[in-house]
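As structure tokens, the structure follows; a few thoughts come after it.
The values are calculated or read from the model by the stated rules, or taken from the named source; none is laboratory data. From a predicted model like this one, the values you see are computed outputs, not experimental measurements. Virtual Cβ from ideal backbone geometry, glycine too; neighbours counted across all protein chains shown.
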Amino acid sequence: MVIEKHIEINNSTENVWKILGHDFAHPYKWASSVNHSEGHGKQLATTQCDERACQTVMGNIREKLTEYSDNDFHLAYIVTEGMPSIVKTATNDWQLIKTSAGKTKLKIKMEFAFQGIMGFVMQPLMKMKLNKIAQEMVEDFGYYAENGKPHPRKLKAQRK
């Protein structure tokens, strides 16, 4: 299953990359679905770590970078721990594209492979849930990149 989303961000690609790439360890700052995150592993190019642990609305997960490019404003990672047993693999690919001076397009691609009978049965429900999470994630990220503060949805989630 593949989920793709994109959003136009009113900020320079270089500034947006500082949040996405350089600060890879801290999606809790902007993502409504992430309550806490911390970096692990080794430094990689301009990011402090190549792995992170996140406490999310779906449980605790660990992610490891598989690609990271400051030149292409691109990163990809695999979820190494914390997915339900029906999920065989989960990967995310994030790309920033300069569209004009001060404007950036964010494209994300999430891929999930399911396993077993329950994986087959639950796939439609998981697709709906993951589609919603992905849409909120790009909105949260875009808002944070444009305004320097969390989306109102994130602030509401923090109060709970």
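Being under 25 Å from Ile7 (Cβ atoms), without any contact (Cβ under 8 Å) to a residue 24 or more places away in the chain and within 18 Å of the chain's Cα centre (by Cα) is a description that applies to Met128. The C-beta contact set for region 40-53 (first residue on the phi < 0 side of the Ramachandran plot and among the β-branched types (Val, Ile, Thr), second residue buried (at least 18 other Cβ atoms within 10 Å of the Cβ) and not in a strand (DSSP E or B), distance under 9 angstrom, 6+ apart or interchain) comprises Thr46/Trp17; Thr46/Gly21; Thr47/Gly21; Thr47/Phe24; Thr47/Ala25. Glu51 falls short on exactly one of the conditions (1) in contact with a Gly (Cβ under 7 Å, 6 or more places away or on another chain); (2) over 22 Å from His6 (Cβ atoms); (3) surrounded by fewer than 18 Cβ atoms within 10 Å (Cβ to Cβ), and that condition is (3).
Tell me the residue from Leu96, Leu75 that is buried (at least 18 other Cβ atoms within 10 Å of the Cβ), in contact (Cβ under 8 Å) with a residue 60 or more places away in the chain and touching a helix residue (DSSP H, G or I) at 6+ places or on another chain (Cβ under 8 Å), please. After applying the criteria, what remains is Leu96.
Residues checked against (1) modelled with pLDDT of 95 or more; (2) within 13 Å of the chain's Cα centre (by Cα); (3) of a type in the set (A, V, I, L, M, F, W, C); (4) closer than 24 Å to Arg153 by Cα:
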| position | (1), (2), (3), (4) |
| --- | --- |
| Glu8 | yes, no, no, yes |
| Gly21 | yes, yes, no, yes |
| Ala31 | yes, yes, yes, yes |
| Glu38 | yes, no, no, yes |
| Asp50 | yes, no, no, no |
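Among residues of region 4-23 that are among the hydroxyl-bearing types (Ser, Thr, Tyr), those with a beta-carbon under 8 Å from a residue that is surrounded by 20 or more Cβ atoms within 10 Å (Cβ to Cβ) and not in a helix (DSSP H, G or I) at least six positions away or on a different chain give the pairs Ser12/Thr104; Thr13/Leu96; Thr13/Thr104. Lys149 fulfils the conditions (1) under 18 Å from Leu20 (Cβ atoms); (2) charged (D, E, K, R); (3) not in a loop (DSSP other than H, G, I, E, B) except for a single criterion, (3).
Scanning region 57-72 for residues that are buried (at least 18 other Cβ atoms within 10 Å of the Cβ) and out of contact with any Gly (no Cβ under 7 Å at 6 or more places or on another chain) yields a total of 2.
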